[in-house]
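Sending over a structure as structure tokens; questions will come in a sec.
All of the numbers you see were taken from the coordinates with simple rules; none came from a lab. The structure displayed is predicted, hence computed values, not measured ones. Note that each Cβ is placed from the backbone with ideal geometry, even for glycine, and that neighbours are counted across all protein chains shown.
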Ligand code: 4NP
């Protein structure tokens, strides 16, 4: 199973989701591959936001080595599932889908917890540290659900 997490800048939410998911994959010895990408080019080439690094480190997860990249159309072919964080990410990704199959791979990550409700993982970029704790908790629960699905396959 190849899973891609997508947010806007690829420095806050999706690198954190990737780090959390990789930790679960390692601990549960799952067969899966994870990556993250963003839709905007603002931060391409940059490390994860220090606030995401800090909240991850608090939970024993390192985001060191992250290099922000843009989502590409090829990602549809390279991944089985593409999880977005919010409505803007969803519209952006769907806008470059080539066909129905591509579209069927895309879903809101919080639909793992609240199916079909399309709730957002709030953009924490202009928020405080408490926002990063909140998104960590949301992403951790959603990644548990994804890990359970991978384990049951
Ligand atoms: P992310 O957060 O999409 O979770 O990585 C953001 C990072 C940067 C910006 C917005 C959101 N920005 O406007 O530069």
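Take the alpha carbon atoms of the stretch 49-95, find their radius of gyration, then divide it by 2.2 N^0.38 Å using N residues; give the quotient.
The reported ratio for this selection is 1.44.
Under a 10 Å cutoff between Cα atoms, tell me which one of 126, 90, 42 has the largest fluctuation in the Gaussian network model of the chain.
Top of the fluctuation ranking is 126.
Right, something else. Please tell me the relative contact order of the stretch 2-152 in percent, rounded to the nearest whole number, where contacts are Cα pairs under 8 Å and at least six residues apart.
Working: 277 pairs, mean separation 42.6, N = 151.
Over the stretch 2-152, the number comes to 28 percent.
Given the C-alpha atoms of the stretch 97-151, compute the convex hull and give its volume per residue in Å³.
Hull volume over Cα atoms, normalised by residue count, gives 96 Å³.
What three numbers, in Å, describe the spread of the alpha carbons of the chain along their principal axes, ordered from the longest?
40, 36, 29
Restricting things to alpha carbons, find the Rg to Rh ratio for the stretch 64-122 using the Kirkwood radius for Rh.
Rg divided by Rh gives 0.98.
Could you rank the peptides 22-28, 132-138 by their average count of other C-beta atoms within 10 Å per residue, with the highest value first?
132-138, 22-28
For each of 49, 54, count neighbouring Cβ atoms within 10 Å of the residue's Cβ, then give the residues from fewest to most.
54, 49
Mind telling me which of 117, 14, 62 comes out most flexible in a GNM of the chain, alpha-carbon contacts under 10 Å?
So, out of 117, 14, 62, the one fluctuating most is 117.
Which of 85, 103, 73 moves most in a GNM of the chain, Cα contacts under 10 Å?
Maximum fluctuation in the GNM of the chain, among the listed residues, is at 73.
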